[in-house]
Amino acid sequence: MRSRILRGFFVVTGAMFLVACTSIPITSLYKLYKLDPFDIDPQEFRLIIRAHEAISVRKGNVTMGLGFKAHDDSLVIDDTYIVDIERNGSLPAEVLDDKGPNEAFTLLKLSEADARQLTETQRLLKPYIEKDDSGDGSFAININNVCLTKALPEGKSLLTVYMQSDVEDGFFVFLNNLDMRKKRKDIDGSIDDIPVCADLDA
């Protein structure tokens, strides 16, 4: 049995918010605990972000981080992959069924260049994954620098992230109903700190 070098290292980070473990469903924590880099098909990896329609997710806003350091320092990986907007993809029915009023979905996939890079990284990691206790790894989904097309309404502003490591397993809820307004306040920020898209385009 190959060792799971990245077990327990899955997090979501970013300048937009910080994530509490309570926002990650128990079933998802179990999936993430079992997941290792070889469970991710670079061509089939997808994310879906469900949030208020005023929140615009653009190219470069979402990245995937993958790190590994062998105990003997023979291999050090610190990769960042762009999870790009997929314009023509279809959303699964089970995700669409969760859509609330004034919510929108953004479907994302790895860029072609980064999918190739992840394949190469998996090749480099293979001999280490086949060993026991060969190193320490990390994985992160980063969401940064989104913008607003209009003002967000008062009250909770919830964000959910769905993840698919391959088509066979399908999507699962990676991050569930994170209150962005509360999280911004918890880190001494404000939802008003999110820039207006028109200002960025000027």
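The values are calculated or read from the model by the stated rules, or taken from the named source; none is laboratory data. Just so it is clear, the structure is predicted and the values come from calculations on it, not from any experiment. Note that we place each Cβ from the backbone using ideal geometry, even for glycine, and neighbour counts take in every protein chain shown.
Output yes when any residue across the stretch 64-71 is touching a strand residue (DSSP E or B) at 6+ places or on another chain (Cβ under 6 Å), under 21 Å from residue 160 (Cβ atoms), at pLDDT below 95 and crowded, with 19+ Cβ neighbours inside 10 Å, and no when none is. Yes, the conditions are met somewhere in the stretch 64-71. Each residue in the stretch 101-123 was checked for being surrounded by 13 or more Cβ atoms within 10 Å (Cβ to Cβ) and either on the phi > 0 side of the Ramachandran plot or in contact with a Leu (Cβ under 7 Å, 6 or more places away or on another chain) (or both), and 6 of them qualify.
Consider residue 95 carefully, then state whether it is among the hydrophobic types (A, V, I, L, M, F, W, C), surrounded by 13 or more Cβ atoms within 10 Å (Cβ to Cβ), part of a helix (DSSP H, G or I) and at pLDDT 90 or above. Taking the combined requirement at face value, the residue satisfies it. The C-beta contact set for the stretch 115-138 (first residue more than 16 Å from residue 65 (Cβ to Cβ) and at pLDDT below 80, second residue in a loop (DSSP other than H, G, I, E, B) and acidic (Asp, Glu), distance under 9 angstrom, 6+ apart or interchain) comprises 129/36; 134/72. For the stretch 140-175, name all the residues that are surrounded by fewer than 18 Cβ atoms within 10 Å (Cβ to Cβ), of a type in the set (A, V, I, L, M) and in a loop (DSSP other than H, G, I, E, B). 151, 167, listed by residue number. Any residue in the stretch 35-55 that is over 22 Å from residue 138 (Cβ atoms), out of contact with any Gly (no Cβ under 9 Å at 6 or more places or on another chain), surrounded by fewer than 19 Cβ atoms within 10 Å (Cβ to Cβ) and modelled with pLDDT under 90? No. Which ones in the stretch 145-166 are of a type outside the set (A, V, I, L, M, F, W, C) and within 22 Å of residue 42 (Cβ to Cβ)? Within the stretch 145-166, 162, 164, 165, 166 qualify.
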